[in-house]
1. Tell me whether the stretch 66-331 comes out rounded, prolate or oblate; compute the Cα gyration tensor, take square roots of the eigenvalues as a ≥ b ≥ c, and use a/c under 1.5 as the rounded threshold.
2. When you count, for each residue, the other Cβ atoms within 10 Å and take the mean per peptide, how do 253-263, 64-74, 173-183, 26-36 rank with the highest first?
3. Quick one: helix 84-93 against the long Cα principal axis of the chain, what's the angle to the nearest 10°, folded into 0 to 90?
4. How much mean residue ellipticity at 222 nm does the chain get from its helices, if each DSSP H run of length 4 or more adds -39500 (n - 2.57) and you divide by all residues, to the nearest 500 deg cm²/dmol?
5. Counting alpha carbon pairs within less than 8 Å and at least 6 residues apart, what relative contact order, in whole percent, applies to the chain?
6. Cα-Cα over 19 Å: which of Lys217/Lys346; Lys121/Lys217; Lys121/Lys346; Lys121/Lys382?
7. So if R0 is 35 Å, what FRET efficiency would Ala96 and Asn8 give, r being the distance between their Cβ atoms, rounded to the nearest 0.05?
8. Taking 0.36 nm per residue of sequence separation and subtracting the Cα-Cα distance, how much length would be gained by fully extending the chain between Gln236 and Glu54, in nm to one decimal?
Amino acid sequence: MLTLRGTNGPRCGPYLRDLSVIQDGAVLIRDGIIVEIGPTRRLENLAQAREAVEVNAAGRVVMPGFVDCHTHLVFPPAGMQDDDDRATRAVRSFTAQRLEFRARAYLEAMARHGTTTVEVKTGCGPDENAESKILRVLSSLRYNPLDLIPSFLFRLPASLNGDTGAAAEWMMSKLLPKIRRRGTAQFADLAWDADPRLTPYFDRYLCSARDLGFACKIHADQQSPANAIDMALRHQVLSIDHLEHADASLAAALAKAGIIATLLPCASPGIGSTPPARALIEAGVPIALGTNFNPHHTPTLNMQAVVAMSCWRFGLTTEEAITAATFNSACALGAGGRVGSLEPGKSADLVLLNANDYRDLAGNLGSNLVHLTMKRGKFIYKEGVVAPQGL
């Protein structure tokens, strides 16, 4: 049993490797909350355990459910290529029911692969109808079957023109406050662009978001991300994501600020650019992992694959990858006090693996090791038999 019990804040340095393993462990759950965790013999003798329903996990790894802290679950829709304007028009033309149907299918697939909490970004730019539609869909899906945490993604039009400034001002002064009042998004994210003409808008956006009470994030997936990192430091963002083009020289500044670096090993795996993961860890930067799931160009929604890919591409140990994909990812969503580890008082979100050694996760790229997925004390996925062929 991997408990990941430890400090309250995101883990960094050698603490990334501490999974707090109990070799023969048990967890006692009541009303979806973990009551006690420890050696099986001790928990079996507790008075509270006498009437409990037993789930036998002998020979299996039990661990916290995965937390996917970076996805584009709804936007852009599949088949929209890289044309944001076309994708936004598609969202406007789709019914909310159609968007919800597709998103629910993705969430159910995530549950089958052990994810119990997921962040989802918008990104339609200065189109209130499309943004509002996506946020309504996310609200309807928020607790079924996973905890879903929405983020508003500030994305300016790809082509700069005379309307760019007006669009940015409208999103900051009108759309963002409306989203805050309605409570439909928890985070304000920023799609960084290296064009220096956009920097003043980005500064004002992050200031406006913080004044409204949003926690902030930055997408730093472009080349030469030093300016994005500098802005992240100035605005005290919770996490800075991607960093495929970062270099080791930026690690110390991130570590000093305590900003979480969310790495996405399945994002563009063929381009050869990879974030300096080992340098970040050695500098003391907290690392989180996400899928970057996008129906078009990053269709990976399996956090087990993320763990394996981070070991292969980034040189993480299995222990570091598991911590980054559970507790640290929860911290990157401000949810480390509720999920991401197995501790009394936390939500009973856990998975049982068809493995007797957690290190099997590092070598199982493309397979599904999940036997059961539990969310708030209820199994939302159970491995089933393959139906026999009729004769």
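1. oblate
2. 64-74, 253-263, 26-36, 173-183
3. Taking Cα atoms only, the helix is inclined about 70 degrees.
4. On the way: 13 runs with 122 residues, N = 391.
Computed ellipticity for the chain at 222 nm equals -9000 deg cm²/dmol.
5. Numbers: 828 pairs, mean separation 93.1, N = 391.
Value for the chain: 24 percent.
6. Pairs exceeding 19 Å: Lys217/Lys346; Lys121/Lys346; Lys121/Lys382.
7. 0.40
8. Stretched out fully, the Gln236 to Glu54 stretch lengthens by 61.0 nm.
Each value in this text was obtained by applying a stated rule to the coordinates, not by laboratory testing. Keep in mind that what you see is a predicted model, and the values were worked out from it rather than measured. Positions of Cβ are generated from backbone atoms using ideal geometry, with glycine treated the same way; all protein chains shown enter the neighbour counts.
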